[in-house]
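Remarks on the structure that follows.
The values are calculated or read from the model by the stated rules, or taken from the named source; none is laboratory data. Not measured: the values here are computed from a predicted model. Heads up, the Cβs are rebuilt from the backbone with ideal geometry, glycines too, and the neighbour counts pull from every protein chain shown.
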């Protein structure tokens, strides 16, 4: 049997899939090549549209979800009884991935699809590519589609890279001659010359991605669908992918990119679509859509942080010593509150400059930590403290009234006839300065020798969000300046940071 040049002979032991590949390896006539291209490479319902067009009209897609109940775990006798009584051991419902969804993409569109996990982004790409079939509505796409939706999708793990290129090329609609002509370029682009004859199950995730991306872009598609798979590549290959996508965009091809990397959407896309629970919540210029998306995420996170911290504050007024007053030191690393209870922290709030309770901030925000306390019995030594910990346990900042040589107000025993008495202390920070992360506020009341009255450790959580991607923990106020002793070309000032520059000859 004559073979396709460059594809090695397969073992004699054949599976049905290997037999199919052997048929494809045979020199085929032009009619078979044309038939395979028509069946596998082109969409069936977009012939009236210009190449690169995509139209979804009132498309809905749902998935059958079956939840196994406790009744499923029983004896054979019980199962037979339920069968005879026709009682179902499963509760059935559906998950709506897309609901009455409509979208039209013109040839040359570069569209980024963003949204939370489970919003329907990947389902959308699988519907456009034909992997899924819509339950209702219609989908039309014209031209050859290449899809990078799942890592290694379309590759058989027991086949070599060489064999998968041959099979994948046919599945993308390439003829035998086109696969043969592009083979060397596909392998070279993927940088897999030394591994092309190894089974792809031995490939790393990055090698999988390189082979899949190289095959997809060398099929010269009219529509390219990408779903996050580039995240597993090394820096050098990602840079090459970026150049290729930029070239693809310049050629006027259609790009649909699903990504949580919002900078990639800004870089490559002319339009953004924000999906929320299977519906389009916003569509428009990438910067505008992304800003609104981030604001929505922040609002949701604010609500979660508020609920979390409300639950951490002690119970309402009580004259009895609280249950946590058992030890003057933590009994375990998991314990988050301890002390003898002579002074009790009743409520902790973080506030913005206007005094409004807030648990999500930006780096340049002013912050006030407000702590309500109660003195349950007379004390003659009292120190209040505040600490900031990053979520991984790194101590970012710690201060107390003793370090700052501030005297906390002590009760006047001559004027106070009964306890408890109450008060509030506030710790103000003019500019928070922290970089994006999750943090905890520690608050404490203790004696100057460290004996704790009440210590809250990792009980109160807040977050900092910032579009600036500095490294480290803290963003100090800073300014760049230059004194170039050489002629410098005129450049447009980038960003919002202040910059001073003095070049020779100015």
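Let's see how each residue does on (1) closer than 29 Å to residue 103 by Cα; (2) in contact with a helix residue (DSSP H, G or I) (Cβ under 8 Å, 6 or more places away or on another chain); (3) free of Cβ contacts under 8 Å to residues at least 60 places away in the same chain; (4) crowded, with 16+ Cβ neighbours inside 10 Å:
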position	(1), (2), (3), (4)
265	yes, yes, no, yes
269	yes, yes, no, yes
284	yes, no, yes, no
310	no, no, yes, no
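Would you mention how many residues in segment 450-477 are more than 30 Å from residue 291 (Cβ to Cβ) and without any contact (Cβ under 8 Å) to a residue 60 or more places away in the chain?
Adding up the residues that qualify gives 1.
Checking the condition under 21 Å from residue 103 (Cα atoms) and either surrounded by 14 or more Cβ atoms within 10 Å (Cβ to Cβ) or at pLDDT 90 or above (or both), which residue from 258, 217 passes?
Of 258, 217, the one residue that is under 21 Å from residue 103 (Cα atoms) and either surrounded by 14 or more Cβ atoms within 10 Å (Cβ to Cβ) or at pLDDT 90 or above (or both) is 258.
Need the failing condition index for residue 340 against (1) out of contact with any strand residue (DSSP E or B) (no Cβ under 7 Å at 6 or more places or on another chain); (2) touching a residue at least 24 places away in the same chain (Cβ under 8 Å), just the number.
Here residue 340 meets the rest and fails (1).
Provide a single number: the residues in segment 365-379 that are under 22 Å from residue 428 (Cα atoms) and assigned to a strand (DSSP E or B).
8
In the list 215, 275, 257, which residue meets the criterion of being over 25 Å from residue 174 (Cβ atoms), in contact (Cβ under 8 Å) with a residue 40 or more places away in the chain and in the same structural domain as residue 123 (by TED's automatic domain parsing)?
Residue meeting the stated conditions: 275.
Taking the condition modelled with pLDDT of 90 or more and either surrounded by 23 or more Cβ atoms within 10 Å (Cβ to Cβ) or closer than 27 Å to residue 127 by Cβ (or both), does residue 252 pass?
no
Anything in segment 446-481 that is over 30 Å from residue 365 (Cβ atoms) and either assigned to a loop (DSSP other than H, G, I, E, B) or at pLDDT below 90 (or both)? List them, or say none.
Residues satisfying the conditions are 447, 448, 449, 450, 451.
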